[in-house]
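Since the structure comes first, as structure tokens, the remarks are kept for the end.
The values are calculated or read from the model by the stated rules, or taken from the named source; none is laboratory data. Keep in mind that this is a model prediction, so the values were computed, not measured. Glycine gets a Cβ as well: all are built from the backbone with ideal geometry, and neighbour counts include every protein chain shown. The protein model used for the area step is the full one, side chains on, heavy atoms only, and it has no ligands, DNA or RNA in it. Shrake-Rupley method; radii C 1.70, N 1.55, O 1.52, S 1.80 Å.
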Amino acid sequence: MRNLAACIFVAVLPLALHAQDLSALPAPLVAKVMAARKACADSNQGEFVLEWGAVVRTDLDGDRYLDWVMNESGFACSSDASLFCSTGGCESHFLVGNTLASFLTRGWEVVTFGRHRVLLTDVHGSRCGGINPTPCVESLVWDGETKVWRTIQPAKRQ
């Protein structure tokens, strides 16, 4: 049993170390990590960790090329557990080409809907006129021509 645990540790160790390697990240995401490191250090000299899985590659815009997503839910600070997330969620950063957009989310998923790739974000219930536990999801579609995420404007209530 002890050998199994040692093997698992040795197998996972490179993954944990790789999570700290920023050399493969695009500059806008490196800037987010550096700002987070500074914020953590400024918070009682905390130590910042970029956890495994904080950065993922997925096709956000439907061009069949992998884009970048960084979730601050994968940011950790030794001196402040709630530095990067709150009841409203955590910042998620979506990089398509050279355009970075950040949204406060509790989670996200990309689905194909017709001819579009749609970013679904789980957001705070207040965005839907409720309170924290009120279910609320926003859908966004990348507009490659104008380089912006598009979503419907809230309907005016009568």
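Key figures
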| quantity | calculated |
| --- | --- |
| Of all residues making up segment 103-147, the number that are out of contact with any Phe, Trp or Tyr (no Cβ under 8 Å at 6 or more places or on another chain), touching a residue at least 40 places away in the same chain (Cβ under 8 Å) and assigned to a strand (DSSP E or B) | 3 |
| Test: residue in segment 18-32 that is modelled with pLDDT of 95 or more, of a type in the set (Gly, Ala, Ser) and loosely packed, with under 15 Cβ neighbours inside 10 Å | yes |
| Members of segment 148-158 found to be farther than 15 Å from residue 69 by Cα and part of a strand (DSSP E or B), listed by number | 148, 150 |
| Residue within segment 68-87 that is of a type outside the set (S, T, N, Q), open to solvent by 50 Å² or more (accessible area, probe 1.4 Å) and at pLDDT 95 or above present | yes |
| Identity of the residue in segment 109-145, of a type in the set (Val, Ile, Thr) and open to solvent by 70 Å² or more (accessible area, probe 1.4 Å), that ends up nearest to the chain's Cα centre (by Cα) | 137 |
